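K.L.:
Take a look at this one; I'll ask things after.
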Amino acid sequence: MTSSPQYIPQSNPPLPPWETLPTMYDLPSDNPEEPGLPDEFHFLQPLLLYLTFQPTNWNPELVYSAADLNLYYDLQHPLWYKRPDWFGVVGVQKLYKGEDLRLSYVTWQEPANPFVVVELLSPGTEDEDLGNKQKTINQPPSKWEVYQTILRIPYYIVFSRYTNELRAFQLVGGHYEPMILIDGRLPMPEIGLSLGLWQGSFRDIEKLWLRWFTPEGELIPEPTEEVAAANARTMIAEQEAEQAKRKAEQLAEQLRQLGVNPDELS
């Protein structure tokens, strides 16, 4: 008679991955084969996204975004990473565990995956960015597969500075579906923002930029715009006060010409 297998309880259950796998302090934060940024646009455009990513329905202390930062995504291959041009996350603190600036974004050490990723299209990366590159055996998956299938990032945006073409994809039923612009913008109601193209000057460079708007289409200002707007309001208020003063003086003079002392009317 064959006895049934006996259950032997584990005295030392496996530790969770965030305790056993590498942290951002253990993993490399740069790529020696791709030193530096490709061009000036790859610095300025992510900077504008970073400065204007201000979800209206999230606590600012739980909003994080980064540019050109290693994004580690695979528990089975902890050295594999992608390096998005820009990505935004909600539900995480600005500092790693509330203590340190991030060296990389290690998804198994964080409470949330990115909510939105932006890739700035280059001729050499177009096939991978748009999911047209065939996966080879024992090689890391493409950005498209990582963002769509592994991390399940809700929104994936691709923008070409060469054609000014904006392509956007939303995760629907486990795969990316093309998004349709509404009034020229991409609504993201979960964060109370929309994303669209804006013709204007940023850091004294006039061109078409990708930037964040309110759902109603108002620009989310970056700090220098906020200062300029505050200065403009101050100037308008001073002009209005000066105009009111001149009108009061003119009225007082007219009363004096009529033989009325304006000081006695107060």
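K.L.:
Tally up the residues in segment 172-211 that are touching a Lys or Arg at 6+ places or on another chain (Cβ under 6 Å) and of a type in the set (A, V, I, L, M), please.
P.N.:
Here is the first cut: in segment 172-211, the residues touching a Lys or Arg at 6+ places or on another chain (Cβ under 6 Å) are 194, 196, 198.
Those still in the list that are of a type in the set (A, V, I, L, M) too: none.
Count: 0.
K.L.:
Quick test for you: out of Trp212, Trp144, pick the one residue that is over 18 Å from Phe53 (Cα atoms) and touching a strand residue (DSSP E or B) at 6+ places or on another chain (Cβ under 8 Å).
P.N.:
Trp144 is the lone residue from the list that is over 18 Å from Phe53 (Cα atoms) and touching a strand residue (DSSP E or B) at 6+ places or on another chain (Cβ under 8 Å).
K.L.:
Against the conditions (1) over 18 Å from the mean Cα position of the chain (by Cα); (2) aromatic (Phe, Trp, Tyr); (3) part of a strand (DSSP E or B), where does Tyr162 fall short? Just the number, please.
P.N.:
Tyr162 satisfies all of (1) over 18 Å from the mean Cα position of the chain (by Cα); (2) aromatic (Phe, Trp, Tyr); (3) part of a strand (DSSP E or B) except (3).
K.L.:
Could you please find all residues in segment 166-183 being without any contact (Cβ under 8 Å) to a residue 12 or more places away in the chain and of a type in the set (D, E, K, R)?
P.N.:
Within segment 166-183, just Glu177 meets the criteria.
K.L.:
Hey, another quick one. Restricting the first residue to segment 246-258 and requiring it to be free of Cβ contacts under 8 Å to residues at least 60 places away in the same chain, which pairs with a second residue that is in a helix (DSSP H, G or I) meet a Cβ separation below 7 Å and a spacing of at least six or different chains?
P.N.:
Close Cβ pairs satisfying both conditions: Ala252/Pro262; Leu255/Pro262; Arg256/Pro262.
K.L.:
What do you reckon, is Leu44 under 14 Å from Leu120 (Cβ atoms), at pLDDT 90 or above and surrounded by fewer than 17 Cβ atoms within 10 Å (Cβ to Cβ)?
P.N.:
Numbers: under 14 Å from Leu120 (Cβ atoms): yes; at pLDDT 90 or above: yes; surrounded by fewer than 17 Cβ atoms within 10 Å (Cβ to Cβ): yes.
Considered against the rule, which asks whether it is under 14 Å from Leu120 (Cβ atoms), at pLDDT 90 or above and surrounded by fewer than 17 Cβ atoms within 10 Å (Cβ to Cβ), Leu44 comes out as yes.
The values are calculated or read from the model by the stated rules, or taken from the named source; none is laboratory data. Since we're looking at a predicted model, the values are computed, not measured. Note that each Cβ is placed from the backbone with ideal geometry, even for glycine, and that neighbours are counted across all protein chains shown.
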